[in-house]
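Bear in mind that the values in this text are calculations on the coordinates, not laboratory data. No experiment lies behind these values; they were computed from the predicted model shown. No Cβ is skipped: glycine too gets one built from the backbone with ideal geometry, and neighbour counts run over all protein chains shown.
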Amino acid sequence: MPEKPSRLLAGDGDDDQFPSPADTHQDMHLWSDGGSHEQSRDARHLPASATGGRGDMQLGWLQTFVAVFHTGSFTKAARQLGITQPAVTQQIRGLEAELGKPLFDRTPQGAVPTVEGKALAYDVEGPVVQINAAISRHLEQDASNRPLRLGGPVELFTARVLPTISPLVAAGLDVRVSLGESQDLLADLKSGHLDLVISTIQPRFRGVDIIPLTDEEFALIGAPHIAETLPPGSLEMDGPRALTNLPIIAYAETVPIIRRYWWTVFEAPPPRHPSVVVPDLRAVISAVAAGAGISVVPTYLCMPELACGDLIMLLEPEIPPINTFYLATRCGSLADSRLAGLCELIVEDARHWMASPA
C-alpha cells in the first residue's frame with residue numbers, strides 16, 4: 001500500500017535540522033540560523049484589514065509561500081529567496097498557523113500544495129508577483145550591476161543568440177552563459193541560478209513564463225559523393241532501406257534527432273547504430289561534409305555547407321520534421337528592465353534565425 005503523503009510541517013525531505021514546531025504562531029521579526037541572527041528580509045507586515053483583523057501575517061510569508069509553490073521545494077525556494085531553509089520552514093508554519101489550514105503535503109517529490117494551498121496561490125500569486133516586481137524596480141538598484149545569467153544549447157547560442165545580443169553587450173550589458181541540455185538548464189532557471197533559458201523542450205512547471213521563439217527544421221544530409229551512390233528516386237521508392245549500409249553520424253548514442261526524422265518521414269526506426277557519436281551538431285556537420293557518413297541536423301546550422309555544395313540534402317519531404325525553441329523566464333523577473341530588453345531583442349530577432357541567407 002503506498003505511503004500516504006504527510007502534512008508538511010517541516011522541509012521537503014532534506015537533511016537540515018528544522019526548528020521545533022512550538023511557537024509557530026509567534027511574530028517573526030528575526031530567525032535563528034546556527035546561532036547567528038539575520039534581519040528578516042520580509043519584516044513588512046500586512047495591515048490588519050488584509051488579515052481579517054489579525055496583524056501577525058507578514059507580506060514575506062506570502063512571498064515565501066509563492067516561492068515554494070513555484071519551485072515545489074523548500075530548499076529551492078530558500079535558494080531563490082536568498083534565505084535559509086529553516087527560515088522558509090518557519091515562515092510557512094507561521095502562515096499555516098495564521099490561516100489555520102495546511103498548505104503543503106510532504107511527498108518524496110517535494111512540497112505538493114494542498115487544496116487549500118492551491119486556492120491561496122490562485123488568490124495571491126498574481127499580486128505577490130506584481131509586488132515583487134515593484135520592489136525590484138524601486139528598492140533593489142544594486143541588482144542592476146549583476147550580470148544576467150543565460151542558458152541554452154551550445155549550437156544555437158553560438159550561431160544565433162550571441163550575435164543577436166551583441167549590441168546590448170557592446171552597450172555595457174554583462175552576461176554569463178551556461179550551455180547544456182534543456183532539462184538541466186530549466187532546473188537551474190527554476191531554482192534561481194539562471195535568469196533566462198532558451199529551451200528545446202516546452203517547460204511544464206509552475207512559476208515560469210514561456211514564449212515560443214521559432215521552429216528549427218531538420219534535414220537528412222550527406223556529402224556529394226555519398227549522394228551520388230544513391231540511385232535517383234531510391235529514397236522515395238525504397239525509403240530507409242536505401243540508406244541501410246551508410247554510416248550514421250549522431251549527436252547522441254540514443255540518436256534522438258535521427259530517430260524523430262526516421263519515424264516522421266519513413267515511419268520506421270533508424271536502420272543501425274551510429275558509427276560516430278559526438279555531442280556537438282557542428283562537429284556532426286563537419287564529419288558528414290568530410291564524407292564520414294550521413295546524419296540529420298537542423299538546416300540553420302548547415303546553410304553555408306548546403307549553399308556551397310559541401311553538403312547535399314538527400315531528401316526533401318513535403319513536411320519536414322520541426323522542433324520549437326522556447327524562451328523561458330521566471331514569473332515576475334521581467335521587472336528587471338535589462339532582462340526585459342534582452343528578451344524583447346531575442347524575440348524580435350528570432351523571426352529571422354531560420355531564414356536562408358540572401
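Remarks
- If the chain linking Arg260 and Lys101 were pulled fully straight, counting 0.36 nm for each residue of separation and taking away their Cα-Cα distance, it would gain 52.5 nm.
- Less than 5 angstrom separates the built amide H of Val277 from those of Ala250, all sequence-distant by 5 or more or on a different chain.
- Cβ-based exposure ranking for Thr299, Thr64, in which fewest neighbours within 10 Å come first: Thr299, Thr64
- Remark: the Lys118-Asp349 segment gains 79.4 nm on full extension, using 0.36 nm per residue and subtracting the alpha carbon distance.
- Net lengthening on full extension, Arg146/Glu318 (0.36 nm per residue, minus Cα-Cα): 57.2 nm
- Database remark: amide H of Val208 closer than 5 angstrom to the amide H of Cys331 (H placed geometrically; neighbours at sequence offset of 5 or more, or on other chains; Pro and chain starts carry no H).
- Phi angles of the stretch 254-262 translate, via the Karplus equation with coefficients 6.51, -1.76, 1.60 and θ = phi - 60°, into HN-Hα couplings of 7, 6, x, 5, 5, 4, 4, 4, 4 Hz per residue; Gly and Pro are given as x.
- A simple rule links phi to the HN-Hα coupling: the Karplus curve 6.51 cos²θ - 1.76 cosθ + 1.60 with θ = phi - 60°, which for the stretch 158-171 gives 5, 7, 10, 5, 4, x, 5, 8, 4, x, 5, 5, 4, 8 Hz, with x for Gly and Pro.
- Alpha-carbon centroids, the stretch 182-237 and the stretch 273-314: separation in whole Å: 15 Å
- Annotation: amide H-H contacts under 5 Å for Leu220 (H modelled 1.01 Å from N, sequence separation of 5 or more, or interchain): Leu314, Leu315.
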